[in-house]
Amino acid sequence: MTETPEVSAEHHGDHTHRDVNGGWLRPAVFGAMDGLVSNFALIAGMDGGTSSGSKFIVLAGLAGLAAGAFSMAAGEYTSVASQRELAHAEIEVERAEIKKHPLDEEIELAETYRAKGLDPDLASKVAKQFHADPDQALEEHVREELGIDPGDLPNPVIAAASSFICFAIGALIPLAPYLFGADSVVPSLILSLTALFVCGAVVSRVTSRSWWYSGLRQLLLGAAAAGLTYFVGTLVGPGIG
């Protein structure tokens, strides 16, 4: 009797992958970055356009934090829920096709394997084995034809919560110096630019970019957004006042 070969412990420990489905990582990263950049830019614009003092800047910053966090959560929930509903609808279409035309679907799956380089006889045997169990056949067809894992679809609640929390944390960073009594934009500027670089560097841990490239890119983009908003504030603020 031939023994089934097993993966070595060394390979099993080294061969791991990061989450690429975007269930929580994408909304978390996007939420934190957006909260930091948008509220930093908002505070910079208020500082450039008003001389009314830090109380109005704090009010604007808190309003921006709350509005942005709720908006991001609602948008992320709707987006992911719609994506999930579409996936489920397409899965049901595939389920109906397998039930109605099992042989045709088996041939179709075998053709998919042959296109990937499997021997024609082996491809047919693999497809036939999958189709011995309708549930396994469905999962395999969904993976091959739709490119999704039916058991690992993004969760809209998790996505919305991640987006809300991370946006609020990001938006709180440029506001924090004012909450502790700062009366100028300088402390907020220093803290925000530092946080932008750190956040960009942290993101590099789940991408292929170097930490300094990701950090510097995020710092420059955030600084540009805040600088432009500050400029708009200096132009519009005096006229409104």
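Read through the list (1) within 30 Å of Ala69 (Cα to Cα); (2) touching a Leu at 6+ places or on another chain (Cβ under 6 Å), then give the number of the only condition that Glu85 fails.
All conditions are met except number (2).
Could you list, ordered by first residue, the pairs with Cβ atoms under 6 Å in which the first is in the stretch 77-89 and under 8 Å from Pro154 (Cα atoms) and the second is open to solvent by 100 Å² or more (accessible area, probe 1.4 Å) and assigned to a helix (DSSP H, G or I), at least 6 apart or interchain?
Final answer for the pair search is none.
Kindly check whether there is at least one residue in the stretch 206-229 that is touching a residue at least 60 places away in the same chain (Cβ under 8 Å), open to solvent by 70 Å² or more (accessible area, probe 1.4 Å) and more than 24 Å from the chain's Cα centre (by Cα).
Yes; the residues of the stretch 206-229 include at least one that is touching a residue at least 60 places away in the same chain (Cβ under 8 Å), open to solvent by 70 Å² or more (accessible area, probe 1.4 Å) and more than 24 Å from the chain's Cα centre (by Cα).
Among the listed residues Ile173, Ile190, which satisfies the condition of being closer than 23 Å to Ala63 by Cα, part of a helix (DSSP H, G or I), touching a residue at least 60 places away in the same chain (Cβ under 8 Å) and not hydroxyl-bearing (Ser, Thr, Tyr)?
Being closer than 23 Å to Ala63 by Cα, part of a helix (DSSP H, G or I), touching a residue at least 60 places away in the same chain (Cβ under 8 Å) and not hydroxyl-bearing (Ser, Thr, Tyr) holds for just one of Ile173, Ile190, which is Ile173.
Name the residue, out of Ser184, Ser214, Ser162, that is hydroxyl-bearing (Ser, Thr, Tyr), modelled with pLDDT of 90 or more and farther than 30 Å from Ser82 by Cα.
Answer to the selection: Ser214.
Here is a check on your reading of the model: is Val126 over 30 Å from Asp34 (Cα atoms), among the aliphatic types (A, V, I, L, M) and open to solvent by 60 Å² or more (accessible area, probe 1.4 Å)?
For Val126, the condition - over 30 Å from Asp34 (Cα atoms), among the aliphatic types (A, V, I, L, M) and open to solvent by 60 Å² or more (accessible area, probe 1.4 Å) - is not met.
Could you check the stretch 33-75 and list, in sequence order, the residues that are modelled with pLDDT of 90 or more, surrounded by fewer than 23 Cβ atoms within 10 Å (Cβ to Cβ) and of a type in the set (Phe, Trp, Tyr)?
The answer is Phe70, and nothing else.
Please name all residue pairs, on different chains or six or more residues apart, with Cβ atoms under 7 Å, provided the first residue is in the stretch 128-148 and is touching a residue at least 60 places away in the same chain (Cβ under 8 Å) and the second residue is in a helix (DSSP H, G or I).
Ile148/Ala87; Ile148/Val142
Being of a type outside the set (Asp, Glu) and surrounded by 14 or more Cβ atoms within 10 Å (Cβ to Cβ) narrows it down to one of Ile190, Ile169, so name that one.
Sole residue among the options that is of a type outside the set (Asp, Glu) and surrounded by 14 or more Cβ atoms within 10 Å (Cβ to Cβ): Ile169.
If only one of Val198, Val236, Val202 is part of a helix (DSSP H, G or I), open to solvent by 60 Å² or more (accessible area, probe 1.4 Å) and closer than 16 Å to Met46 by Cα, which one is it?
Only one candidate qualifies: Val236.
The values are calculated or read from the model by the stated rules, or taken from the named source; none is laboratory data. Predicted model only: the values in this text are computed from it and were never measured. Cβ sites come from the backbone with ideal geometry, for glycine too, and all protein chains shown count toward neighbours. Accessible surface is based on the protein model in full, side chains and every heavy atom, while ligands, DNA and RNA are left aside. Shrake-Rupley method; radii C 1.70, N 1.55, O 1.52, S 1.80 Å.
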